[in-house]
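Working notes for the structure below.
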Amino acid sequence: MNDRYLYKAKRLDNGEWVQGVPFEIEGKQVILIKDNENLLRVHYLEENMWTAEIYAIEVDESTICQCTAMPDKNKKLVFEHDIVWDSDERAFYEIIWNQEDMCWNVEDADGHKSEFEGCYGGTIEVNGNIFDNKELLESEE
């Protein structure tokens, strides 16, 4: 899967993070994940049969975060609302989508924004996210 189409969200049943593709089914927000163990469906499309190993997990819609398709210095994918530590700037930033400029930004605790690509490099490291670790933005090293 192309990483820029990857999303993550928190499961409603246990609060754990799952990665996949968001989808709405019968008014419920779910993430479709590839899962070889839980569900195998067979579909028919214009006389051709195809299979898909997918599983739909209901998620908290407010936690859906898109992947930036860029890894941090440890090769971990960076998602929207992740909190990253920039060792050059010695500061924590939240990754946000800037709709006006159509680009990923980093935002510090004081609301100062800059383009993610502008500060991106071998110095960024994911430390958490705004949902689980909001206190990181309030702390200073």
More than 16 Å from the chain's Cα centre (by Cα) and not assigned by TED's automatic domain parsing to the domain that holds residue 17, is that true of residue 80?
no
Region 13-34: number of residues that are touching a Lys or Arg at 6+ places or on another chain (Cβ under 7 Å) and among the β-branched types (Val, Ile, Thr):
1
Take the conditions closer than 25 Å to residue 10 by Cβ, modelled with pLDDT of 90 or more, in contact with a Leu (Cβ under 7 Å, 6 or more places away or on another chain) and in the same structural domain as residue 9 (by TED's automatic domain parsing) and apply them to residue 53. Does it pass?
no
Do any strands (runs of 3 or more DSSP E) lying entirely in region 58-109 carry at least 1 residues that are closer than 24 Å to residue 30 by Cβ and in contact with a strand residue (DSSP E or B) (Cβ under 7 Å, 6 or more places away or on another chain), and which ones are they?
65-71, 77-79, 82-86, 91-98
Just to be sure I understand the filter: pairs with C-beta atoms under 8 Å, separated by 6 or more residues or on different chains, first member in region 56-73 and of a type in the set (S, T, N, Q), second member modelled with pLDDT under 90. Which pairs pass?
66/4; 68/4; 68/116
Regarding region 37-49, can at least one residue be identified that is touching an Asp or Glu at 6+ places or on another chain (Cβ under 9 Å), in a strand (DSSP E or B), at pLDDT 90 or above and not β-branched (Val, Ile, Thr)?
no
So which residues in region 12-36 are modelled with pLDDT under 90 and among the basic types (Lys, Arg), if there are any at all?
34
Could you please tell me which pairs satisfy a Cβ distance under 7 Å, a separation of 6+ or placement on different chains, a first residue in region 80-92 that is more than 11 Å from residue 107 (Cα to Cα), and a second residue that is of a type outside the set (Gly, Ala, Ser) and in a loop (DSSP other than H, G, I, E, B)?
86/123; 87/123; 88/123; 90/141
Would region 110-129 turn up any residue that is in a strand (DSSP E or B), under 12 Å from the mean Cα position of the chain (by Cα) and among the acidic types (Asp, Glu)?
no
Do any residues in region 105-116 that are farther than 12 Å from residue 137 by Cα have Cβ atoms under 8 Å from those of residues that are in a loop (DSSP other than H, G, I, E, B), where the two are at least six apart or on different chains, and which pairs are they?
115/101
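The values are calculated or read from the model by the stated rules, or taken from the named source; none is laboratory data. Just so we're clear, the structure is a prediction, and the values are computed from it rather than from any experiment. With ideal geometry, Cβ positions are generated from the backbone for all residues, glycine too; neighbour counts draw on all protein chains shown.
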